[in-house]
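See structure below.
The values are calculated or read from the model by the stated rules, or taken from the named source; none is laboratory data. This is a predicted model, so every value here is computed, not measured. Here the Cβ is made from the backbone with ideal geometry for all residues, glycine too, and neighbour counts use every protein chain on show.
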Amino acid sequence: MTTIREYFDTDAKALNAVSEWAIGSNNGSNLINVVGKISYRIEEYIKYWSFYFPKNSTTDYIKYMLSLKEVTKCHLEKEPSQTIGYTDSPERYKLEDFHFTKRIYIYIDEVITKEQIIEIVDHGKIFGFSVIIRDKSYAKEKSELMKPLAFISHDSRDKDTLVRELAQEMYSLACPIWYDEYTLKGGDNLRESIEKGLKEAKKCIVILSKNFIENNGWTKTEFETILVREIYKNENILIPIWHGVSKDDIYEYSPQLLNRLGLNTNKGIKVLAKELVDLINL
């Protein structure tokens, strides 16, 4: 499961200025390092705060951070004056001139009670802040929501003619999928990521094309893994998509697929995407 720190690091899709504060209790014990960042959204010309509080943090630590002068001004004291902008545009903007939305995201590696959330939010209102709490429960719920509903197993030669557009259509219908161009990031372990997607997805879509059938590498391994999961978990997860293949082609590849209810790409990608999403959501 993705950790709350990982969500702190990746949730803000903006230019970020990061700093740290070492704070402790009144008697100097339980010293923790709080990470804060100001996120600058160039398109909206706005900025806002996000803070990460590690394990053993309390509401007092959060309330203390909200009261700091740097936080109320949304400006890092050690940050030099500088300008930013897109590389393809001559326009530049001073960081200190961005409008502070007064929104503050609190990421904390603990489970916070409703009473504690109310306490923190009310304290933030004293300074005019709108405080959003994201604790370990948030990380758990978001990880569940981000699990792919479907895994698309395909031959890479079919991307340009079918798979990429199909993935885009399914995303537009609010159906999260495991698709390598969307899911894999630089440095990811390919085998581990694929296996994780095959294990977690509610359904596994197999694009049965001439290219797929002729491929004895990754696609064969993925197909066999899907069948193993079906047997081991006693699940019906495979959705075959016929793409320019005949019954004879399918029979030669895997006769059992002829007994599976499959869909065909000859209806068009938009219709196919809608049918797939409807099947997945049953």
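Quick look at the numbers
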item	result
Qualifying positions in region 114-128 - out of contact with any helix residue (DSSP H, G or I) (no Cβ under 9 Å at 6 or more places or on another chain) and of a type outside the set (A, V, I, L, M, F, W, C)	LYS114, GLU115, ASP122, LYS125
Checklist (1) surrounded by fewer than 19 Cβ atoms within 10 Å (Cβ to Cβ); (2) under 30 Å from THR221 (Cβ atoms); (3) touching a residue at least 60 places away in the same chain (Cβ under 8 Å); (4) touching a helix residue (DSSP H, G or I) at 6+ places or on another chain (Cβ under 6 Å) applied to LYS147, failing item	(3)
Options SER89, SER81, SER50: the member that is within 29 Å of ILE118 (Cβ to Cβ) and either touching a residue at least 40 places away in the same chain (Cβ under 8 Å) or of a type outside the set (Asp, Glu) (or both)	SER50
Checking ASP9 against (1) part of a strand (DSSP E or B); (2) surrounded by 12 or more Cβ atoms within 10 Å (Cβ to Cβ); (3) of a type in the set (D, E, K, R), the condition it does not meet	(1)
Whichever residue in region 82-110 is in a helix (DSSP H, G or I) and more than 29 Å from the chain's Cα centre (by Cα) and, among such residues, is nearest to GLY36 (Cα to Cα)	GLU96
Every residue from region 169-181 that is of a type outside the set (Ser, Thr, Tyr) and either part of a loop (DSSP other than H, G, I, E, B) or outside the structural domain of LYS202 (by TED's automatic domain parsing) (or both)	LEU173, ALA174, CYS175, PRO176
Scan of region 132-168 for residues that are in a loop (DSSP other than H, G, I, E, B), closer than 30 Å to ASP109 by Cβ and modelled with pLDDT of 90 or more, ordered by number	ASP135
Lone qualifier among ASN56, ASN30 - being loosely packed, with under 15 Cβ neighbours inside 10 Å, touching a residue at least 24 places away in the same chain (Cβ under 8 Å) and touching a strand residue (DSSP E or B) at 6+ places or on another chain (Cβ under 8 Å)	ASN56
Qualifying residue in region 111-122 (condition: outside any loop (DSSP other than H, G, I, E, B), out of contact with any Lys or Arg (no Cβ under 6 Å at 6 or more places or on another chain), in contact (Cβ under 8 Å) with a residue 12 or more places away in the chain and closer than 16 Å to ALA17 by Cβ)	no
